[in-house]
Structures are given as structure tokens and as C-alpha cells.
Amino acid sequence: MAAIDDLASEFARLPGIGRKTALRLTYYLLKRPPEEIRRLARALEVVADRIRSCSRCGNLTESDPCSFCTNPRRDPSVICVVEEASDIAAIERTGEYHGLYHVLSGRLSPLDGIGPAELNIASLLERVRNGGGVREVILATNPSVEGEATAVYLQKLIQPLGVRVTRLAR
């Protein structure tokens with residue numbers, strides 16, 4: 001039963017998955033045909049091999065730079081800053097935003113040991129300074145205490161560069 005325990009332990013490492021749910025997922029998979037399990041394993045391998053961060057914006061992508069950064073229809077003068085790559089999908093679903101993105105890969109959280117050096121901030125500042133006419137940065141961090149602190153910190157860094165800084169309405 002070491003294989004079952006190993007798989008359950010790996011599932012339990014995922015966010016929001018406790019030991020009980022991990023075991024439930026493990027036993028569910030064991031009831032599936034072996035080929036279905038192999039398809040899942042192959043999909044995980046493909047993701048591990050092909051997905052990486054875009055060198056410009058930090059979005060998760062198979063091609064570098066990503067499709068947002070290379071799309072000539074997007075407005076390069078506006079950058080929307082998000083905490084995680086998964087936040088981009090929510091903004092894209094609105095169909096209203098047509099600028100570029102920047103993924104911080106987290107938010108300031110001193111209690112968790114996450115300071116400015118752990119976030120993708122230096123490349124954001126580089127893009128704003130040398131980004132070919134960036135006129136606005138939209139801070140789309142979460143409305144949590146950490147998200148607000150991150151937004152305030154970024155605003156203090158970006159405004160002196162002569163770029164308009166705005167926040168998403170809540």
C-alpha cells in the first residue's frame with residue numbers, strides 16, 4: 001500500500017486538499033481504467049515539460065514571450081498587474097481589457113517571509129521605465145490586507161516614474 005500512500009501524500013500537498021480528500025481522490029483514480037490514469041499522468045508530464053513563465057510578463061505559457069505580449073492588437077501603453085497568472089482569466093472573461101499584463105507571482109506577506117525581493121517587481125519597474133510608452137499601470141491585486149499592502153507599495157514605486165497608477169473598482 002506504499003504506492004497508495006505516496007499518491008495520497010502528493011495530492012495532500014495541493015492547496016485546499018487535506019488527507020481525507022487526498023485519499024478520496026486516490027481511491028477514485030484506482031477505480032478508473034488504467035489508460036485514464038495514464039492520460040492524467042501524461043497531461044501532468046506535458047505541463048511540467050512545456051509550461052514556463054513568460055520572460056516579459058510572468059504569465060504561464062508554452063511559448064516565450066506569451067500570446068498576450070506578442071499580440072499586436074493589445075495596447076502596450078497599459079499594464080494590468082495581477083498577483084497570479086490565474087487572475088488573468090477572470091479579467092479576460094470581461095472582454096473589456098485590451099492592454100498587457102504583469103504577474104507578480106504572489107503578494108507581500110511579511111509574516112510568511114514574502115517581501116519585495118520574492119515578487120516579480122523588478123521586471124515590472126523595468127517594463128515601466130523602458131516599456132515603450134507605458135502611460136498607465138492598473139493594480140489588480142486582491143482586496144485582502146496583503147493585496148492592499150502590495151498595491152500601496154507598488155503605487156509608491158511607480159508614481160515617481162510619471163506613470164498613472166489606478167486600482168480596479170470593487
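Read-outs throughout are calculated quantities, based only on the coordinates presented, and are distinct from any laboratory measurement. This one's a predicted model, so the numbers in the text were calculated from it and none came from an experiment. Virtual Cβ from ideal backbone geometry, glycine too; neighbours counted across all protein chains shown.
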(request) Have a look at the DSSP beta bridges in the chain and tell me what percent are antiparallel, nearest 5. (result) 20
(request) Starting from the Cα gyration tensor of the range 53-170, take the square roots of the eigenvalues, sort them a ≥ b ≥ c, and report rounded, prolate or oblate (rounded when a/c is under 1.5, otherwise prolate if a/b is larger than b/c, else oblate). (result) rounded
(request) Output the antiparallel fraction of DSSP beta bridges having both residues in the range 42-137, as a percent to the nearest 5. (result) 30
(request) Taking the chain as the reference, fit the longest principal axis to its C-alpha atoms, fit the long axis of helix 19-31 to the helix C-alpha atoms, and give the angle between the two in degrees, 0 to 90, nearest 10. (result) 60
(request) Name the residue, out of 127, 39, 74, whose mean-square fluctuation peaks in a Gaussian network model built on the chain with Cα pairs under 10 Å. (result) 39
(message) For a quick check: with amide H placed at 1.01 Å from N, whose amide H comes under 5 Å from residue 165's, ignoring anything fewer than 5 positions away on the same chain?
(response) 137
(request) Provide the gained length on full extension for the span residue 161 to residue 21, in nm with one decimal, where the gain is 0.36 nm per separating residue minus the Cα-Cα distance. (result) 45.6 nm
(message) Just want the answer: with Cβ charges of +1 for Lys and Arg and -1 for Asp and Glu, which residue in 130, 142, 117 is farthest toward the dipole's positive end in the range 58-164?
(response) 130
(message) Placing unit charges on C-beta atoms (Lys and Arg positive, Asp and Glu negative, everything else neutral), compute the dipole magnitude of the chain about its Cα centre in debye, rounded to 20.
(response) 280
